[in-house]
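Just below is one structure, and these are the notes that go with it.
The values are calculated or read from the model by the stated rules, or taken from the named source; none is laboratory data. Note that the coordinates shown come from a computational prediction; the quantities given were computed from them, not determined experimentally. When we count neighbours, we look across all protein chains shown, and the Cβ atoms used for this are built from the backbone with ideal geometry, even at glycine.
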Number of protein chains: 2
Amino acid sequence: MERKRAKSGEIRLTEVAKLAGVSPITASRFFRNPEALSPSKRERVASAAKELGYVPNLAARALASQRTEVIGVLIPSLTNNVFSDVLRGIYDASEGSRYSIQLANTRYSILQEEQLLRLFQAQKPAGLIVTGIDQTAESRAVLEAMNCPMVQIMEIGPAPVDMMVGFSHQDAEFAAVSHLVAQGFQRIGFVGAQMDPRMQRRFGGYRDAMKAAALFDPRLIMTTPVPTSITLGGTLFADLLSKAPDIDAVSCGNDDLALGVLFECQRRQLSVPEDMAIVGFNDLEFMASAVPPLTSVRTNRYEMGRSAVTMVLAAIAGNHPPEPVVDLGFQLMIRESSSPRRA
Amino acid sequence: MERKRAKSGEIRLTEVAKLAGVSPITASRFFRNPEALSPSKRERVASAAKELGYVPNLAARALASQRTEVIGVLIPSLTNNVFSDVLRGIYDASEGSRYSIQLANTRYSILQEEQLLRLFQAQKPAGLIVTGIDQTAESRAVLEAMNCPMVQIMEIGPAPVDMMVGFSHQDAEFAAVSHLVAQGFQRIGFVGAQMDPRMQRRFGGYRDAMKAAALFDPRLIMTTPVPTSITLGGTLFADLLSKAPDIDAVSCGNDDLALGVLFECQRRQLSVPEDMAIVGFNDLEFMASAVPPLTSVRTNRYEMGRSAVTMVLAAIAGNHPPEPVVDLGFQLMIRESSSPRRA
DNA sequence: CACGCAAAAGGTAGCGCTACCATTTTTTGC
DNA sequence: GCAAAAAATGGTAGCGCTACCTTTTGCGTG
């Protein structure tokens, strides 16, 4: 009668403990570290919990223990296939650990990122995985204040907040364009969309490679801030052709654009690679099965997700890796679409 | 000196209240319902919170208030483009509401789904969005016990746990195959992968349409439980051709397979649609830009995500929709790949 | 100017769990 | 066989916030 607050009506740990004939704290231990109990009590608590259908209250647990078993993941897009591979690696690596993944989507917005970071901060995750190295000063301050293991993925750079795993987009694109140069192509165009920092750095690789070969010409460049798509690849390529009809190859900022370019070539009866060589970036699954197969830069996205989680888990367990920055590199996958130019 | 437990060292609401010169409960109200404060106190609390860099403790809030502001989302795959559109709709619709999305990935595993549901149950989400209508009895029991608004998406069926928004995969595939029949194709193959329940129902639509036209022949069918991919589409199509060389059209269980089939046709110098008609399912972005453009069944995935969130939010606010099952339908996008057969 | 009423603000007591000891029981070594 | 060490178990007191209720304040009215 004197109850001040309506009970939730759900089974609590105390009820389980009572049925099992142990103290609440023993029951609590059962859920966190069953080995600490004697086999008989362990058995009793297990069956009591099952009988009552006990579901632990995570909020209470988090409040009392001052921590959670959540790893926060911040990525800029769910639509982009690149991230789905990373996520697969993340989910696979977290499987079997007690940690669950909390995913948030910044939609390429730096402000959204700040906001989501603050939300994560309020949740006190055990670890954090964030995309890229271009956080705002504000975001970086939040990250540093969060005091949990953290990995920046997709890129590598000089000043990790904590850890990093990625590769150099600039070097990768440099390698792709240098390959085209080595194959004998001269008027090599660049098609780019969604000019986020990673795409910018890829463009930097293109620019450097072209300058190194004394082939750089701003008229060969066609970019847009619009989000990437296959259709857009065709459009940009068409625009590029009208600006520079003499191009003999195109380096695409990503594979979607490359496929769009291929379709546009088919529409215009341009044969690939005889009339137009194509290289992409990321080596998504369709690149190898396209006709002709398309050259691309393979990036180790799945492995990136896996490593990030592994590093976070190790750090949570107290084993911070000795080398905080891991370069996963890339592989140039040379296929028919960049076969040497017949002289 | 008598402290039993180390304080977390973080700013608490009490500190903010003290600095603002109000009681803790008033400060609490500021964060939940600022309008309830007089303008002067509102101002004072706001600046105190800012000055101290206060971050609310969500665990404590959830424990005290017995609820969270999280909508749980359970999907079977992050790799499949179909779901990324749904997710985009979900994120867009939740934007601006106070609710945040907690995403979990079942990886097409029913057991994983059960486990994740139990995790959600422990978190007491304010609402839930789950994929499909094929939950285990166990999962369904958990769903029913959760006592929060819930939408099943992607399909519609007779017995919603709470609400549903989707369309009939069987009817959609029936329409696609009937279209091929109407165009004059007779030996229409079916290529399917990842034979989950949704794919099974699509196959049912194919079977019914073929039987209705007296064209059904089990030799025209090529399916595999292997996860879907573009490459796989080519492989399955090649297998199908060796089993039934006389086919004149293929209906593909999804668009990735359809693109794989197109590439395989290009490799074999089969012209589409003259030698081989192709239809896909979902109408992903690349279908319209392929050469030739590929016919597909457009499914309203983005809208599905949006509607699901809208319905959950309405239900949380107490306005359960009068009609719990929403059929978003589909549109047959007829393109060149299924142009009428020349007699 | 007292009165009533609504709006604003505050006091108190948990929400369900676990940290931190203290205590009891069991095992081990000689 | 006994002391010492180790393992298992229990009691108490919060974690930081909000629900519930009470008290105070502001303001129009007879």
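Numbers below:
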item	result
Enumerated helices (runs of 4 or more DSSP H) restricted to segment B:41-141, each holding at least 2 residues that are more than 8 Å from chain A (Cβ to nearest Cβ) and without any contact (Cβ under 8 Å) to a residue 12 or more places away in the chain	B:58-65, B:110-123
Residue within segment A:270-285 that is surrounded by fewer than 23 Cβ atoms within 10 Å (Cβ to Cβ), under 29 Å from the mean Cα position of the chain (by Cα) and assigned to a helix (DSSP H, G or I) present	no
Segment B:30-43: number of residues that are modelled with pLDDT under 90 and near DNA strand C (Cβ under 9 Å from one of its atoms)	8
Subset tally (residues that are of a type outside the set (Gly, Ala, Ser), at pLDDT 90 or above and at positive phi) for segment A:129-178	1
Leading residue by the ranking (surrounded by the most Cβ atoms within 10 Å (Cβ to Cβ)) among those in segment B:177-218 that are among the aromatic types (Phe, Trp, Tyr) and not in a helix (DSSP H, G or I)	B:185
Residue match in segment A:235-254 (condition: crowded, with 22+ Cβ neighbours inside 10 Å, outside any strand (DSSP E or B) and at positive phi)	no
Residue satisfying all of: in segment B:64-93; surrounded by 19 or more Cβ atoms within 10 Å (Cβ to Cβ) and within 15 Å of DNA strand D (Cβ to nearest atom); nearest to the chain's Cα centre (by Cα) among these	B:70
Selected residue (criterion: farthest from residue A:125 (Cα to Cα)) from residues of segment B:41-57 that are aliphatic (A, V, I, L, M) and surrounded by fewer than 21 Cβ atoms within 10 Å (Cβ to Cβ)	B:46
Whichever residue in segment A:29-40 is near DNA strand D (Cβ under 9 Å from one of its atoms) and charged (D, E, K, R) and, among such residues, is nearest to the other protein chains (Cβ to nearest Cβ)	A:29
Verdict on residue A:27 being in contact with a helix residue (DSSP H, G or I) (Cβ under 6 Å, 6 or more places away or on another chain) and more than 8 Å from DNA strand C (Cβ to nearest atom)	no
Residue count for segment B:315-343, restricted to those that are acidic (Asp, Glu) and farther than 30 Å from residue B:182 by Cα	1
Selected residue (only one of B:60, B:126, B:104, B:49 is in contact with a helix residue (DSSP H, G or I) (Cβ under 6 Å, 6 or more places away or on another chain), outside the structural domain of residue B:199 (by TED's automatic domain parsing) and modelled with pLDDT under 90)	B:104
Some residue of segment A:291-310 being hydrophobic (A, V, I, L, M, F, W, C), within 14 Å of another protein chain (Cβ to nearest Cβ), crowded, with 23+ Cβ neighbours inside 10 Å and out of contact with any Leu (no Cβ under 9 Å at 6 or more places or on another chain)	yes
Selection count where residues are at positive phi and over 19 Å from the mean Cα position of the chain (by Cα), scope segment A:179-199	1
Residue count, segment B:328-343 (criterion: among the charged types (D, E, K, R) and either modelled with pLDDT of 95 or more or assigned to a strand (DSSP E or B) (or both))	2
Test: residue A:217 is over 25 Å from residue A:156 (Cα atoms), in contact with a helix residue (DSSP H, G or I) (Cβ under 8 Å, 6 or more places away or on another chain) and either of a type in the set (Asp, Glu) or not assigned by TED's automatic domain parsing to the domain that holds residue A:276 (or both)	yes
Selection from segment B:29-40 of residues that are assigned to a helix (DSSP H, G or I), of a type outside the set (Asp, Glu) and surrounded by fewer than 18 Cβ atoms within 10 Å (Cβ to Cβ)	B:31, B:32, B:34, B:36, B:39, B:40
Residue check for residue A:161: assigned to a loop (DSSP other than H, G, I, E, B) and in the same structural domain as residue A:110 (by TED's automatic domain parsing)	yes
Residue in segment B:154-173 that is under 13 Å from residue B:76 (Cα atoms) and not charged (D, E, K, R) present	yes
Within segment A:250-259, considering residues that are under 12 Å from residue A:279 (Cβ atoms), in contact with a Ser or Thr (Cβ under 8 Å, 6 or more places away or on another chain) and not hydrophobic (A, V, I, L, M, F, W, C), the one nearest to the other protein chains (Cβ to nearest Cβ)	A:255
Number of positions in segment B:301-318 that are within 10 Å of the chain's Cα centre (by Cα) and farther than 18 Å from residue B:75 by Cβ	0
Matching entry among A:262, A:240 (being modelled with pLDDT of 95 or more and within 14 Å of chain B (Cβ to nearest Cβ))	A:262
Residues that are within 14 Å of chain A (Cβ to nearest Cβ) and surrounded by 17 or more Cβ atoms within 10 Å (Cβ to Cβ), drawn from segment B:219-230	B:228, B:229, B:230
